[in-house]
Amino acid sequence: MATAMERKLGEMLVKDRVISKQELEAAIKQQEATRRSLGHVLIEMGLTTEWEMAAALGKQLNVPFITLSHYEIDEQVLASLPKDIVRKYKIVPVDKTGDTLTIALSDPSNIYLLDELKLLTKNEIIPVISFESDITEAINRYYPGIGEKSGPAIDEALKEIEGMDMKAAVKSALEADALEVESANDEPQDNDEDGGVNDAPVITLVNNIVTEALKMGASDIHIEPYEKKIRLRYRIDGKLAEMPGPPKKFQNAIVSRIKIMSELDIAERRLPQDGRFRVKIQGRPIDFRVSTCPIIYGEKVVMRILDQGNLMLNLEDLGFEPQIKAKLESSILRPYGMCLITGPTGSGKSTTLYSALARINDPTKNISTIEDPVEYNLVGINQVNAKPDVGLTFPAALKSFLRQDPDIIMVGEIRDLETGSIAVKAALTGHMVLSTLHTNDCAGTIQRLINMGIDDFLITAALNMVEAQRLARRVCKNCRTEYKPEKSEILSLGVKEADIDPNQMLYKGKGCEVCRTTGYKGRVGLYEVMVMDDRIRDGIMEGLPTNQLKRVAIEQGMESMRMAATKKVLQGATTIEQALELTIDD
């Protein structure tokens, strides 16, 4: 049965119109059957969210709410509670001042737990509210081996190096490979056939960090040194997730090992360096782009994973709606002109560009690309790696391409006036030019090109199409649940009240092992495509500001990013929260 306090919480949610009276009674009946807390039942039934529950609890109990991911908790504070207590009750110590200990927990109404903690620690306990998912992530971060582990392979390697001397660790980092590592120019490095050195613990640790990232479907690996620890994070489905980090004293050995694999200068620690390496796992080649950057406590390393096996070259597989796909294809299949793919870093621009190239790849056409670096190899296309240190820049390569009888040219990114000017002139002289640009939306691309110094009349003459995109987190198919949204939630997306279907159902993920309790697994593309027509060209020549140009494009039939996101929400592919986070109101 629901306690008096839980009933009071439910009544508060009804009063705030978060749930209805009937929904509260249904949740109480469900609670009686499952014997779980009313809060858990309400969230599992999709009747409320962690945000709404935390707000109601805080209001009821006058307890502040905190986001643990915004805090860096001191090790001495973490040691205030035994690991088994942390795991058992899903709590995290946040701060300690004298005899007062601040504890983050998802249900501060549990007075019995607070009393037990007071007896255990001999401290006054101050509760603060945090999401249960936030608490689980913090436990994974601060208490290795508790909650979700990084993986047995990493744990074993950590145990091995724990007792090693630092000099021995650095020496082991310079030994031979345990993975099949190849250099950037695809020439295999020498491997010692003697199995002894392949078991060097630091090498094993780095190799296992890489393989665990691949198993978890990560796109990037971040290794970040702080004053007292090393933070290891994987970017999974667009969000960084923290893993147990290696001991601080082996920081230099780990960085040196990665530099050796990437053929970087291990003696240079003052300047950023960029490199790459390739590994073979189960016979499958996977490329890694490596970037090191000196920060105040050492060198930060970021490794981007480029797995050709995961490359999707079909526009439909990328989530393009039929109408959007048709607009994109009609633009890139024209004999000449410029098509631009835009969006922030990590929005999937390169994948869309490669998909477009695959669509127009034809033995009768001469296709050349200049990239920095080449991420994926495409058969039938002449791909060039930019090498600015020897003079092979984007403009230099473009000038060379124009002397090689090209039909289609792809420029990895238009970064400056010289590159943009040559690309525009190529588009005006009978070539199809594809490229990317870092802008927020299609209309903003025009202003970006003008700010570079490209004349507006050249832009209107050369440009065929601009496509902007984002990647939204996809609702986990394993744990997704259907719920009926409030009208206010639908209205927040910009849907007109008259267009709202009163029977509309949406989806959200409850959280499970498959999605690491996040409720999301994988990503889905959000796209807007602005095809140039006379009205849009006139707007550019008139000098219309970005917002007015966007309005003209929508009137001409462009589906904005917010509209695309709304469509994916109504289809059940993503959530309202993702749509509001990634797109802006039109």
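The values are calculated or read from the model by the stated rules, or taken from the named source; none is laboratory data. Just so you know, these numbers come straight off a predicted model, no measurement behind them. Here the Cβ positions follow ideal geometry from the backbone for every residue, glycine too, while neighbour counts run over all protein chains shown. Note: areas computed on protein heavy atoms with side chains; ligands, DNA, RNA excluded. Shrake-Rupley method; radii C 1.70, N 1.55, O 1.52, S 1.80 Å.
Some notes on this structure:
- Residue within the stretch 240-256 that is open to solvent by less than 30 Å² (accessible area, probe 1.4 Å), among the charged types (D, E, K, R) and closer than 23 Å to Gln308 by Cα present: no
- Within the stretch 98-133, considering residues that are aliphatic (A, V, I, L, M), open to solvent by 50 Å² or more (accessible area, probe 1.4 Å) and closer than 29 Å to Gly511 by Cα, the one modelled with the lowest pLDDT: Ile111
- Of the residues Gly557, Gly539, the single one that is over 23 Å from Met45 (Cα atoms), more than 19 Å from the chain's Cα centre (by Cα) and surrounded by fewer than 16 Cβ atoms within 10 Å (Cβ to Cβ) is Gly557.
- For the stretch 458-500, residues that are at positive phi and among the β-branched types (Val, Ile, Thr) total 0.
- Close contacts from the stretch 509-532, counting a first residue that is within 17 Å of Met563 (Cα to Cα) and a second that is of a type in the set (Val, Ile, Thr) and assigned to a loop (DSSP other than H, G, I, E, B), with Cβ to Cβ under 6 Å and a gap of 6+ residues or different chains, come to Val524/Thr574.
- Among the helices (runs of 4 or more DSSP H) confined to the stretch 7-90, the ones with at least 2 residues that are acidic (Asp, Glu) and modelled with pLDDT under 75 are located at 50-61.
- Listed by first and then second residue, the pairs linking a residue in the stretch 400-411 that is on the phi > 0 side of the Ramachandran plot to a residue that is among the basic types (Lys, Arg), with Cβ atoms under 9 Å apart and 6 or more places separating them unless they lie on different chains, form an empty list.
- Across the stretch 131-142, the qualifying residues are those that are within 15 Å of His40 (Cβ to Cβ) and hydroxyl-bearing (Ser, Thr, Tyr), and the one among them that is farthest from the chain's Cα centre (by Cα) is Thr136.
- Of all the listed residues (Tyr507, Tyr527), the sole one being closer than 22 Å to Ala443 by Cβ, of a type in the set (Phe, Trp, Tyr), at pLDDT 90 or above and open to solvent by less than 70 Å² (accessible area, probe 1.4 Å) is Tyr527.
- Residue tally, condition at pLDDT 90 or above and within 12 Å of Glu467 (Cα to Cα), over the stretch 310-327: 3
- In this entry, Ile324 is excluded by the filter for residues that are over 21 Å from Tyr354 (Cβ atoms), open to solvent by less than 20 Å² (accessible area, probe 1.4 Å) and outside any strand (DSSP E or B).
- Annotation: of all residues in the stretch 257-266 being within 20 Å of Glu212 (Cα to Cα) and touching a Phe, Trp or Tyr at 6+ places or on another chain (Cβ under 8 Å), the one that is surrounded by the most Cβ atoms within 10 Å (Cβ to Cβ) is Met261.
- Selected residue (criterion: most open to solvent (accessible area, probe 1.4 Å)) from residues of the stretch 348-383 that are over 21 Å from Gly430 (Cβ atoms) and in contact with a helix residue (DSSP H, G or I) (Cβ under 9 Å, 6 or more places away or on another chain): Asn377
- Looking across the stretch 354-379, the residues that are modelled with pLDDT of 90 or more and under 14 Å from Thr393 (Cα atoms) come down to Thr369, Ile370, Glu371.
- Test: residue in the stretch 531-540 that is among the acidic types (Asp, Glu) and in a loop (DSSP other than H, G, I, E, B): yes
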